[in-house]
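What follows is a short report on a single structure.
What follows is calculated from the coordinates using simple rules that are stated; it is not laboratory data. These numbers come from a predicted model, not from an experiment.
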Amino acid sequence: MRKKRMRAKLRELGFADIMERLAHPMPSTPRIPRKKLRCLAKTRRGTPCQAPVVKGRTRCRLHGGMSTGPKSPEGKQRAREARERGLARWRERQATDRP
């Protein structure tokens, strides 16, 4: 009943535009389309990569900054030693698995 009286009063005062808004209210939170973030890398053609980024990063899984390997002599030596230790463990497992 109160709404009817309010609408009648607004109509009397000449607020037709407000009457339209009341008749067709807008949603309280308009939907904003979200754009998916794209990889910032450039392809070999020079065009931007179209793949979606990895969560929390700015590159896709293909351009994610994979390691190019150690550069310093000390790093290369550590990598060589780690590879030799891994190979030794693998050989031990192979020797114990055979009958």
Exercise. Convert each backbone phi in region 71-81 into a coupling constant with the Karplus relation 6.51 cos²θ - 1.76 cosθ + 1.60 (shift: θ = phi - 60°), then list the ³J(HN,Hα) values in order as whole Hz, x for Gly and Pro.
Key: 10, 7, x, 5, x, 5, 5, 4, 5, 5, 5
Quiz item: Tell me, what is the Rg over Rh of region 34-95, with Rh the Kirkwood radius over Cα pairs?
Solution: 1.25
